[in-house]
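Below: the structure, in structure tokens.
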Amino acid sequence: MKLIVGLGNPGQNYQFTLHNIGFMMIDYLLNTIITDKKIVKKHNSYIYKANVGSNLVLFVKPQTYMNSSGHAVKKILNEYKIILNDLLVLSDDIYLPEGNYKLKLKGGHGGHNGLRNIIDCLQTKKFKRLKIGVSQDHNISLEDYLLTPIDDKKKLMVQKSFPIISNIIKNFIQDC
């Protein structure tokens, strides 16, 4: 069983913000590679259970707010007895240009508070994360940049890597 967690904040106000790119990626996956899924609301998360090929996969959108995501991730890992090697976390990254991505097998949080909380709750940095580039606008505060809804043009720009990222995620799912 694989666990794919998209980081974001719950609620309409945050739905199309750069900080919610993890949620957007989960939605993209659910609408493109998943044909049959079951949704469960548990551990302050939306958990979408789906078969991808011969693998059972949990696609998760924690509803705890970004900076407390680790609590939900830990509970789900424990309940479903998923090992860390089968966890992939999707997050935004301001240090990567829009449309770029980076797969890391382990490492620090890079200033990302959602990743920081997961590392703190799991007490390890040894889990995979796929960082999706959102760039940074130095003319406004980082908080405003990440938490202000984006227009359609910007949304298309940041989502242009989604098909490639989807293939990386499919490879992760199929890796036994």
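The values are calculated or read from the model by the stated rules, or taken from the named source; none is laboratory data. Not measured: the values here are computed from a predicted model. Here Cβ is always computed from backbone atoms with ideal geometry, including for glycine, and neighbour counts include all displayed protein chains.
Here are the numbers for the structure shown:
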| read-out | value |
| --- | --- |
| Complete set of residues in the stretch 65-80 that are touching a residue at least 24 places away in the same chain (Cβ under 8 Å) and either within 21 Å of LEU147 (Cα to Cα) or surrounded by fewer than 14 Cβ atoms within 10 Å (Cβ to Cβ) (or both) | TYR65, MET66, ASN67, SER68, SER69, GLY70, GLU79 |
| Residue, surrounded by the most Cβ atoms within 10 Å (Cβ to Cβ), within the stretch 112-130, restricted to residues that are farther than 16 Å from ASN100 by Cα and among the charged types (D, E, K, R) | LYS128 |
| Residues of the stretch 1-16 satisfying the condition of being more than 13 Å from the chain's Cα centre (by Cα) and among the polar types (S, T, N, Q) | GLN12, ASN13, GLN15 |
| Single residue of ILE26, ILE82, ILE4, ILE34 found to be assigned to a loop (DSSP other than H, G, I, E, B), under 22 Å from HIS112 (Cβ atoms) and of a type in the set (A, V, I, L, M) | ILE82 |
| Residue match in the stretch 109-122 (condition: touching a helix residue (DSSP H, G or I) at 6+ places or on another chain (Cβ under 7 Å), farther than 30 Å from ILE140 by Cα and in contact (Cβ under 8 Å) with a residue 12 or more places away in the chain) | yes |
| Every pair of residues 6+ apart whose Cβ atoms lie under 6 Å, when the first sits in the stretch 136-165 and is under 24 Å from GLY111 (Cβ atoms) and at pLDDT 90 or above while the second is crowded, with 17+ Cβ neighbours inside 10 Å and aromatic (Phe, Trp, Tyr) | PRO149/PHE16; ILE150/PHE16; SER161/TYR101; PHE162/TYR28; ILE165/TYR101 |
| Cross-chain or 6+ apart pairs with Cβ under 8 Å, the stretch 15-32 first and under 16 Å from ASN167 (Cα atoms), then at pLDDT 95 or above and of a type in the set (D, E, K, R) | GLY22/LYS61; GLY22/ASP92; ILE26/LYS61 |
| Qualifying residues in the stretch 131-174 (those that are of a type in the set (Lys, Arg) and in a helix (DSSP H, G or I)) - the one surrounded by the fewest Cβ atoms within 10 Å (Cβ to Cβ) | LYS153 |
| Subset tally (residues that are outside any strand (DSSP E or B) and either modelled with pLDDT of 95 or more or crowded, with 21+ Cβ neighbours inside 10 Å (or both)) for the stretch 48-63 | 1 |
